[in-house]
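Chemist: Here it is: the structure, laid out below.
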Amino acid sequence: MRWDDFRQSDNVEDRRGGGGGGGFGLPIGRGGIGIGGLIVVGLLSWATGINPLVLLGAADMFGGGGSMYSEPSRSSGPPQDRAGRFASAVLAQTEDVWRVVLPQQAGRQYQPPRLVLYSGATQSNCGYAQAQVGPFYCPADQRLYIDLDFLNRMQQRLGAQGDFAAAYVIAHEVGHHVENQLGILDKVQAAQRQGATREGNALSVRTELMADCLAGVWAHHAQRNWNILEDGDIQEATNAAAAVGDDRLQQQGRGHVSPDSFTHGTSQQRATWFKTGFGSGTIASCNTFAANRL
């Protein structure tokens, strides 16, 4: 993936080495969860955008109530390391795409999210962000939270190699921000509060697959506008999407697959919806909620 010659986003908060890391517990409601459970949740949440706390039944922390966010200390200026500059460049590309596409296709002005880079743990309005639960999007403060070291480890562990695989993860989280701006996340959360767990899981799957598709929409326009792709990049993205399918992760983590508990979609579904967005370049093609078959 070409990215070195692209601009850096101004919407990056680099908290690595600042006052936000280390020593935090993960608030998960009654009963708690062991280290093994955290690893499973981390695997399932690696490409989610909805706060992993929702997957653990702590939805009361997701968006309501008072703010838990306080401004921590941070590094001054934009990231200078390669990983930080890469994340900043990818975020900038998503900004440039969605500032044009969202008004054209949905009649809404795009307000970009902020990307928080952290090490170990930090605070968000959706609770504590910890490396164990992977990247996520918090609609309560409209920020993406990513521990880049953890992301690198997960790429190696899940076999999702390559720059464009990492770009897909960032674009997926931005896809949740687009869903938020379209009012979809509020509707999904309201429906989940009223329904049973099985129905709530099914809505979560459609939300995640739509974010995969929106990541593909970004890739479509980024390639058309700036020719960012190199040989094998799309395969890297579909490999990453497939690597975090519920069926594959459950088989790895539990030794069996429970479709009723899926919250993200199968490997095939995730890869298919990314390719759908990439092929069409349209938000309309990503309406997973209207799809008869996922």
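The values are calculated or read from the model by the stated rules, or taken from the named source; none is laboratory data. Owing to the predicted nature of the structure, the values given are computational and were not obtained by experimental measurement. When we count neighbours, we look across all protein chains shown, and the Cβ atoms used for this are built from the backbone with ideal geometry, even at glycine.
Chemist: Scan region 216-235 and give yes if some residue there is aliphatic (A, V, I, L, M), at pLDDT below 90, surrounded by fewer than 23 Cβ atoms within 10 Å (Cβ to Cβ) and touching a helix residue (DSSP H, G or I) at 6+ places or on another chain (Cβ under 6 Å), otherwise no.
Modeler: So far as region 216-235 goes, no, none of its residues is aliphatic (A, V, I, L, M), at pLDDT below 90, surrounded by fewer than 23 Cβ atoms within 10 Å (Cβ to Cβ) and touching a helix residue (DSSP H, G or I) at 6+ places or on another chain (Cβ under 6 Å).
Chemist: A further question follows. Output the number of the condition that Ile146 fails; it satisfies all remaining conditions of (1) free of Cβ contacts under 8 Å to residues at least 60 places away in the same chain; (2) farther than 20 Å from Phe274 by Cβ; (3) of a type in the set (A, V, I, L, M, F, W, C).
Modeler: The number of the failed condition is (2).
Chemist: Continuing with the same structure: Does region 240-252 hold any residues that are buried (at least 18 other Cβ atoms within 10 Å of the Cβ) and either in contact with a Leu (Cβ under 9 Å, 6 or more places away or on another chain) or at pLDDT below 70 (or both), and which are they?
Modeler: Ala240, Ala243, Val244, Asp246, Asp247, Arg248, Leu249, Gln250
Chemist: Which residue is modelled with the highest pLDDT, if the candidates are limited to region 253-270 and must be under 19 Å from His172 (Cβ atoms) and assigned to a loop (DSSP other than H, G, I, E, B)?
Modeler: Thr266
Chemist: Looking at Glu179, is it acidic (Asp, Glu) and modelled with pLDDT of 95 or more?
Modeler: Taking the combined requirement at face value, the residue satisfies it.
Chemist: In region 143-176, which residue that is of a type in the set (Phe, Trp, Tyr) and more than 22 Å from Glu230 (Cα to Cα) is modelled with the highest pLDDT?
Modeler: Tyr145
Chemist: If the requirement is being assigned to a loop (DSSP other than H, G, I, E, B) and farther than 16 Å from Ala240 by Cβ, which of these qualifies: Asp141, Asp186?
Modeler: Asp141
Chemist: For region 111-134, how many residues are closer than 20 Å to Gln93 by Cβ, in contact with a helix residue (DSSP H, G or I) (Cβ under 6 Å, 6 or more places away or on another chain) and assigned to a loop (DSSP other than H, G, I, E, B)?
Modeler: Count: 2.
Chemist: Still on this structure, please answer the following. What do you reckon, is Gln192 within 22 Å of Gly134 (Cβ to Cβ), part of a helix (DSSP H, G or I) and modelled with pLDDT under 75?
Modeler: Against the criterion (within 22 Å of Gly134 (Cβ to Cβ), part of a helix (DSSP H, G or I) and modelled with pLDDT under 75), Gln192 does not qualify.
Chemist: Before we move on, is Ile228 part of a helix (DSSP H, G or I), of a type in the set (A, V, I, L, M) and touching a residue at least 24 places away in the same chain (Cβ under 8 Å)?
Modeler: When the stated conditions are applied, Ile228 does not pass them.
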